[in-house]
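Below is one structure, written out as C-alpha cells; comments come after it.
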Amino acid sequence: MNPHKEEQQRFDELFRRVQFTCKARYNAARRLKTYHLFSQITPAFMAVGLVIIPLSNLLGFNNGYSDRYVDLMQIVFGVALLAYSLLLGIGNFSARAEKMHACGMELGRLARKIFPYRTKDDSDDLDGDYESISNAYYGCLEKYENHTHVDFLAAKHDLLDAGEGADWAIELRRSGLWVNKSLRELMSLSHFIFSISVIAIWIYFMVRSNG
C-alpha cells in the first residue's frame, strides 16, 4: 500500500486515511509506553544515587571525595529527582498511551466497516453511508490528542510496500523512513538516557574510589 496514493473511489480514499491514522495512533501508544518505562527507571536511578550518598559516609565509599562534594551531590540528586518527578507526572504517559491505543482500536473497527464499500460501485445512493462513516472518523479524531510527526513517519514506513514484486526504490525509501523515525525517537529519549548514564557513571566512580 502506498500511503501517498490518492484513490479514485472515495471509500478507498477514506479507508486509506483511516488505516493510516490507525497505524499512527498505535505507534503513538507504543512510543508513550516506552516514555512511561523510562519515566519510571530514571527517578529510580536518582533514588539509588540518593541512597548511595549517605551510605558512602557510613561504609567509607567516599575516600576520594570531600564531605562538601558529597553534600553537594546529595543536593543535586535531590533537586533533580524532584524536578523529574514533577515534569514526568505532568507528562502522564501511561494514561495517554491507553487513550492512543483506544483510538487505534476505534479506527480499526471503522476501517473494517469501510472495507466492504471498496468493492461496490460508487453512486449517489451511498452518500448517506459515506457521510455517516466520515463523520464517525472525524468524531473519533476529535476525542483524542493528535499523534506526532514520529508516529506519522512510522505509519508511512508500515504502510509503504512494493506489493508482491521487489522494488528497490521503495525498499530504500522504507529504510530511510525507518532511520528517520528511529533517530527522532532516540532524540526524544536522549534526556532519559543522558540522566541514567550520568547517574550510573557517578555511582561507579563513587564506589570505585574505595578500591
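Annotations
- Placing a label point 7 Å from the Cα of Phe205 along the Cα-to-Cβ direction, the residues of segment 65-85 whose backbone N falls under 20 Å from that point are 65-81.
- Stretching Leu141 away from Val198 to a fully extended chain increases their span by 16.5 nm, per 0.36 nm per residue minus the current alpha-carbon distance.
- Inter-probe distance in nm under a simple model that places probes 7 Å from Cα toward Cβ, at Val51 and Asn92: 3.1
- Structure-derived log10 I(q)/I(0) by the Debye sum over Cα atoms at q = 0.07, 0.08, 0.13 Å⁻¹ - corresponding label in (i) -0.25, -0.33, -0.82; (ii) -0.20, -0.26, -0.69; (iii) -0.38, -0.46, -0.83: (iii)
- Longest exposed-site-free window of the chain, the sites being trypsin sites (Lys or Arg not before Pro) in a DSSP loop that have at most 12 other C-beta atoms within 10 Å: 6-119
- The GluC sites (Glu not before Pro) of segment 104-211 that DSSP puts in a loop, and whose beta carbon has at most 13 other beta carbons within 10 Å, are Glu145, Glu164.
- To put it simply, the accessible area of the chain at a 1.4 Å probe is 61 percent carbon and sulfur.
- Per residue, segment 24-117 exposes 56 Å² of solvent-accessible protein surface, assessed with a 1.4 angstrom probe and all protein chains in place.
- Full-extension gain in nm, Ser123 to Gln9, via 0.36 nm per residue minus C-alpha separation: 40.0 nm
- For the chain: lysine pairs under 19 Å (alpha-carbon distance), excluding those fewer than 8 apart on one chain: 12
The values are calculated or read from the model by the stated rules, or taken from the named source; none is laboratory data. Here the structure is a predicted model, which is why all the values come from computation and not from measurement. Cβ sites come from the backbone with ideal geometry, for glycine too, and all protein chains shown count toward neighbours. With ligands, DNA and RNA removed, areas are computed over all heavy atoms of the protein, side chains included. Shrake-Rupley method; radii C 1.70, N 1.55, O 1.52, S 1.80 Å.
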